[in-house]
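J.: Have a look at this one before I ask anything.
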Amino acid sequence: WLPMIAMLKYHPVCILSAWFILYILPALGWAGRSLLANPELVNAPTKCSLLGLHPRQRPAAFAYLVSALRPIAFVVVVVACAIVEGRLLGKPASVVALNTNAWFRVGMANVWGHMLIRIV
C-alpha cells in the first residue's frame, strides 16, 4: 500500500524505481518464476514460517526482517532518487520530488476532496 499512497504525492519515476528495487527484485530472488503465477509473493515470502516449525517450510527470519525494514528503505530510496534527479535537472530535490500531475490537483479540488482533507 505504501507505493500507491506515495504515488499521490511524489514523482512517479522515484516511486516506481523504489518499488521495483525493494519489492519486485527481492520477490524475484525468493520466488523466481512462480512470482508470475502468484503476484501475492511480492508482499509475502513463499512456503516459510518465522520459526520454521513445519518440516516443509524454511525459516524466514531474513525475509521477515527485509519486509519489516522495507518501508524505511522505501522512503530513503525515494529521497535519494529525488536528490539525484534534482541534480541532473538542476532543480532542488523538493521541487522534483512532488507529483504535479493535473489529475491529482483536479481530483482534490472538489467538495469531496476538501471533505477528505478535513477528515485526514
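The values are calculated or read from the model by the stated rules, or taken from the named source; none is laboratory data. Remember, it's a predicted structure, so these values are computed and weren't measured experimentally. Virtual Cβ from ideal backbone geometry, glycine too; neighbours counted across all protein chains shown. Surface areas here come from the heavy atoms of the whole protein model, side chains and all, with no ligands, DNA or RNA. Shrake-Rupley method; radii C 1.70, N 1.55, O 1.52, S 1.80 Å.
J.: Given the options Ile15, Ile21, name the one that is open to solvent by 80 Å² or more (accessible area, probe 1.4 Å), at pLDDT 80 or above and part of a helix (DSSP H, G or I). It would help to see each step written out before you state the result.
T.: Numbers: Ile15 fails: open to solvent by 80 Å² or more (accessible area, probe 1.4 Å).
Exactly one of Ile15, Ile21 is open to solvent by 80 Å² or more (accessible area, probe 1.4 Å), at pLDDT 80 or above and part of a helix (DSSP H, G or I), namely Ile21.
J.: When residues of region 47-87 are filtered for being among the aromatic types (Phe, Trp, Tyr) and at pLDDT below 80, how many remain? Quick ask: steps written out before the conclusion?
T.: Step one: filter region 47-87 for residues among the aromatic types (Phe, Trp, Tyr), giving 62, 64, 74.
This time we only want the ones that are at pLDDT below 80, so: 62, 64.
Result for region 47-87: 2.
J.: Check whether at least one residue in region 99-120 is modelled with pLDDT of 65 or more, under 23 Å from the mean Cα position of the chain (by Cα) and among the hydrophobic types (A, V, I, L, M, F, W, C), and report yes or no.
T.: So far as region 99-120 goes, no, none of its residues is modelled with pLDDT of 65 or more, under 23 Å from the mean Cα position of the chain (by Cα) and among the hydrophobic types (A, V, I, L, M, F, W, C).
J.: Is there any pair with a first residue in region 48-75 that is closer than 25 Å to Pro3 by Cα and among the hydroxyl-bearing types (Ser, Thr, Tyr) and a second that is modelled with pLDDT of 70 or more and assigned to a helix (DSSP H, G or I) whose Cβ atoms are under 9 Å apart and which are 6 or more apart or on different chains, and what are they?
T.: Final answer for the pair search is Ser67/Pro26.
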